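Read through the structure below, which is laid out as structure tokens, and then see the notes.
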């Protein structure tokens, strides 16, 4: 059950900082009880993004990729922005091919997630990719991404891995386990 309160009235908003990748918007709000507050938030492109949990031959396929925010190599699932004119599903299949060299005949949308909704407007669609086939597209990564197969049966050990710390990847892993537990299908390429 969802409870919805009346949204606050926007009295004023303006971009207060901008870089090549980000815009910070300051928003002056008035709540239904008369209280006024100023919030700052990262203004997104509203295109959205995708994260894909690829399953191939009984393994999760993880990407080991440099993360500028933590200045380290992180283990996670393939992800990227939805390009203009592209659906989330098309973006998911494209990102798979760019980042790990596989396409998918079976993409299942699990959930749309937000990241720190008090500060970011961006949304990410989580997919499970099954029935993979080799296919590589040129991506925008500065170096090749290492693909790390991880036994699906050892998914709980992945949570303990220090390099697997991104909250969206952890969430996607739990959503995938919920999907697989509730699913009556047999993974075609797990045999």
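The values are calculated or read from the model by the stated rules, or taken from the named source; none is laboratory data. Given the structure is predicted, the values throughout are model-derived calculations rather than measurements. So basically every Cβ, Gly included, is an ideal-geometry build from the backbone, and we count neighbours across all protein chains shown.
Quick one: how many residues across the stretch 93-116 are in contact with a helix residue (DSSP H, G or I) (Cβ under 9 Å, 6 or more places away or on another chain) and part of a strand (DSSP E or B)?
Result for the stretch 93-116: 10.
Residue under question is residue 91, and the condition is that it be on the phi > 0 side of the Ramachandran plot and in the same structural domain as residue 54 (by TED's automatic domain parsing); does it hold?
Details: on the phi > 0 side of the Ramachandran plot: no; in the same structural domain as residue 54 (by TED's automatic domain parsing): yes.
In short, no.
Return the total of residues in the stretch 17-30 being surrounded by 11 or more Cβ atoms within 10 Å (Cβ to Cβ) and either touching a residue at least 12 places away in the same chain (Cβ under 8 Å) or within 22 Å of the chain's Cα centre (by Cα) (or both). Spell out how you get there, then give the answer.
Filtering the stretch 17-30 for residues surrounded by 11 or more Cβ atoms within 10 Å (Cβ to Cβ) gives 17-18, 22-30.
When the remaining residues are screened for being either touching a residue at least 12 places away in the same chain (Cβ under 8 Å) or within 22 Å of the chain's Cα centre (by Cα) (or both), the result is 22-30.
Going through the stretch 17-30 one residue at a time, the tally reaches 9.
Those residues that are within 15 Å of residue 79 (Cβ to Cβ) and assigned to a strand (DSSP E or B), I need them from the stretch 127-145; list them, please.
Result: 127, 128, 129.
Restricting attention to the stretch 140-181, which residues are closer than 16 Å to residue 67 by Cβ, surrounded by 11 or more Cβ atoms within 10 Å (Cβ to Cβ) and in contact with a helix residue (DSSP H, G or I) (Cβ under 8 Å, 6 or more places away or on another chain)?
Those that are closer than 16 Å to residue 67 by Cβ, surrounded by 11 or more Cβ atoms within 10 Å (Cβ to Cβ) and in contact with a helix residue (DSSP H, G or I) (Cβ under 8 Å, 6 or more places away or on another chain): 141, 145, 164, 170.
Test residue 76 against the stated conditions and say whether it is modelled with pLDDT under 90, under 18 Å from residue 140 (Cβ atoms) and under 11 Å from the mean Cα position of the chain (by Cα).
Details: modelled with pLDDT under 90: no; under 18 Å from residue 140 (Cβ atoms): yes; under 11 Å from the mean Cα position of the chain (by Cα): yes.
Against the criterion (modelled with pLDDT under 90, under 18 Å from residue 140 (Cβ atoms) and under 11 Å from the mean Cα position of the chain (by Cα)), residue 76 does not qualify.
When the stretch 33-68 is examined, which residues are found to be assigned to a loop (DSSP other than H, G, I, E, B) and modelled with pLDDT under 85?
Of all residues in the stretch 33-68, those assigned to a loop (DSSP other than H, G, I, E, B) come to 33-35, 44-48, 57-58, 68.
Selection gives 44, 45, 46, 47, 68.
Could you tell me how many of the residues in the stretch 69-89 are part of a helix (DSSP H, G or I) and more than 11 Å from residue 127 (Cβ to Cβ)?
Just the residues of the stretch 69-89 that are part of a helix (DSSP H, G or I), to begin with: 88-89.
Restricting the remaining residues to those that are more than 11 Å from residue 127 (Cβ to Cβ) gives none.
Final tally of qualifying residues: 0.
Restricted to the stretch 118-138, and to residues that are within 24 Å of residue 177 (Cβ to Cβ) and within 14 Å of the chain's Cα centre (by Cα), which residue is surrounded by the most Cβ atoms within 10 Å (Cβ to Cβ)?
The extreme case among them is 127.
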